[in-house]
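Below: the structure, in structure tokens.
The values are calculated or read from the model by the stated rules, or taken from the named source; none is laboratory data. From a predicted model like this one, the values you see are computed outputs, not experimental measurements. Using ideal geometry, Cβ is built from the backbone for each residue, glycine included, and neighbour counts are taken over all protein chains shown. All accessible areas refer to the heavy atoms of the entire protein, side chains included, with ligands and DNA or RNA removed. Shrake-Rupley method; radii C 1.70, N 1.55, O 1.52, S 1.80 Å.
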Amino acid sequence: MKNKVISIIQSLLCCVIYIAIIYVTVMLLAGKYISEANSYIDLISTKEGDTQNTKLELGTNGLKLRLEYGSTYGRITVPSVSIDLPLYFGNSLEILKDGVGQSTRAYCPGEGKTIILNGHNTDKMLKKLYKVSKNDIILINTEYGTYRYAVYDMKVITEKDIEIETDSESLVVYTNYPENDVGSTNRIYAVYANLVNN
Amino acid sequence: MKKAIISILNLFLIIMLLTISILVIISNTVLKKSYIETSLEKSGFYDELNIAIQNEFDIYLAQAGIKSGALKNLYTIEELKSDISNTLDAIYNSKTINVISSFMKEKIKSKLQTYTNNAEAIAINLTNVYNKKVVISSKHINAIGPKFEKMVSMIKMGIIVIAIVFSIILVIVCAIIGNFKVIINNIGILLVSSGLLDIILKILIGSKFSYIFLLNQAFSTGIIYIINNIVDKIMSIGIGATVIGIVFIICGNFKETKNNKEMEN
């Protein structure tokens, strides 16, 4: 009996050795392609937890504010082109019907990193973004303070081109591109601005 | 020397078992229109697609100064499913898609005439929005059909070829081993190894595809459901093969031949 049990265990160990050999061989032959495939999958994936129920508690500069997804917490104003719209936390299509949405993957005003805002290119929303020029001022008035940004660049990019982890606070506001296209578009028209003061 | 040859051939056999299990699953899932339709239903694809279409309509209407909801009840979910079925027919049965929901333009026009003088132009644009969402690109969909057919026949041929090669190599291995008890044990090792590899595939892939976003939310929802469903099926086969393999190994080690019994007595 003892010999039979040992024999069974030997057979199972044999299975483990076969699996290890196959795994190592596949990784050696195709490891590079598997790694590239993994990177591509990460690129096309939204972040886990990027859902409708995300709440954010701000701790910067002593601020204690819980933002609920879908809630409005301020206004965005661009005096030079008469943009004055409510600002929402989150950017689902439902939110974008009513105002300018904020990407929950980026940061909030006052956190010292990149804030990403977007809205539809309709007359009532951000179509006038196309008329914004360099040095124009964008104001974000929130429940916890007012932040002032100066435009330094405008360009046509894709969403994935926006860098989130920056050394200083910057603002990216974007809408659909080309100007007269509606619905989902691959490219966006983005206005870049740096924090001037708050 | 004999053991080394058996080990090398076993490695080939395990890879073949793994490959054949994946190909059989793919040919019974992704390559079948009925499976795709069922998966889209279960994953909530049609509801997501309907929401996406309505949202795009609303954006367009807002730009035209028309209140949202002006096009409520324009089409039913059943009509949407029928149009998706036409798209799938183009892929799986190489039928050409020409026009999807040709009634839509006239319906939109008649609903918008009370709101605007520009109903015709808006109706054309919104019909294009609907078609784009349902078909994405009729040019690409119509081109996929023949390639899909070729892929189906290649996979079916692949299964047959791998099965034949597998059988030949298995016969060679059994001939080299010679001893029935050891053959049973060896088959058990093959089944456990390939079964565990199937399970490892599920663990490695895991929830990797659970948050992908391709084209739009509706499409992504459908794709995620199908990929996870296929990986779960592969794991189920793996568990089955492992259990049967362990039974074979136990039988292979406990089976007494008549000769062995006589020798012991």
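Some observations on this one:
- Residue list for the stretch A:105-138, restricted to those being in a loop (DSSP other than H, G, I, E, B) and within 14 Å of chain B (Cβ to nearest Cβ): A:105, A:119, A:120, A:121, A:122, A:123, A:124, A:125, A:126
To keep it simple, each residue is scored yes or no on (1) outside any helix (DSSP H, G or I); (2) within 14 Å of chain A (Cβ to nearest Cβ); (3) within 27 Å of residue B:125 (Cβ to Cβ); (4) modelled with pLDDT under 85.
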{"site": "B:34", "(1), (2), (3), (4)": "no, no, no, no"}
{"site": "B:48", "(1), (2), (3), (4)": "no, yes, yes, yes"}
{"site": "B:51", "(1), (2), (3), (4)": "no, yes, yes, yes"}
{"site": "B:58", "(1), (2), (3), (4)": "no, yes, yes, yes"}
{"site": "B:62", "(1), (2), (3), (4)": "no, yes, yes, yes"}
{"site": "B:68", "(1), (2), (3), (4)": "yes, yes, yes, yes"}
{"site": "B:75", "(1), (2), (3), (4)": "yes, no, yes, yes"}
{"site": "B:78", "(1), (2), (3), (4)": "no, no, yes, no"}
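- Of the residues in the stretch B:184-192, at least one is farther than 30 Å from residue B:75 by Cβ and without any contact (Cβ under 8 Å) to a residue 60 or more places away in the chain.
- Any pair with Cβ under 8 angstrom, 6 or more apart, that starts in the stretch A:67-88 at a residue that is farther than 20 Å from residue A:131 by Cβ and outside any strand (DSSP E or B) and ends at one that is open to solvent by 10 Å² or more (accessible area, probe 1.4 Å) and of a type in the set (D, E, K, R): A:69/A:55; A:70/A:94
Residues checked against (1) in contact (Cβ under 8 Å) with a residue 24 or more places away in the chain; (2) polar (S, T, N, Q); (3) facing chain B (nearest Cβ under 7 Å):
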{"residue": "A:7", "(1), (2), (3)": "no, yes, yes"}
{"residue": "A:10", "(1), (2), (3)": "no, yes, no"}
{"residue": "A:21", "(1), (2), (3)": "no, no, yes"}
{"residue": "A:31", "(1), (2), (3)": "no, no, no"}
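- Tabulated pairs, the stretch B:234-251, first without any contact (Cβ under 8 Å) to a residue 60 or more places away in the chain and open to solvent by 70 Å² or more (accessible area, probe 1.4 Å), second part of a helix (DSSP H, G or I) and among the small types (Gly, Ala, Ser), C-beta under 7 angstrom, 6+ apart or interchain: B:239/B:195
- Considering A:167, A:161, A:123, the condition of being under 30 Å from residue B:66 (Cα atoms) and open to solvent by 60 Å² or more (accessible area, probe 1.4 Å) is satisfied by A:123 alone.
- Residues satisfying the stated conditions in the stretch A:1-38, i.e. aromatic (Phe, Trp, Tyr) and open to solvent by 50 Å² or more (accessible area, probe 1.4 Å): A:23, A:33
- The helices (runs of 4 or more DSSP H) falling completely within the stretch B:175-265 that include 3 or more residues that are at pLDDT 80 or above and over 30 Å from residue B:47 (Cβ atoms) map to B:180-205, B:217-254.
- All of B:180, B:209 fail the test of being open to solvent by 30 Å² or more (accessible area, probe 1.4 Å) and within 11 Å of chain A (Cβ to nearest Cβ), apart from B:209.
- All positions within the stretch A:89-104 that are more than 15 Å from the chain's Cα centre (by Cα) and part of a loop (DSSP other than H, G, I, E, B): A:97, A:98, A:99
- For the residues B:88, B:40, B:23, B:11, the requirement of being within 14 Å of chain A (Cβ to nearest Cβ) and in a helix (DSSP H, G or I) singles out B:11.
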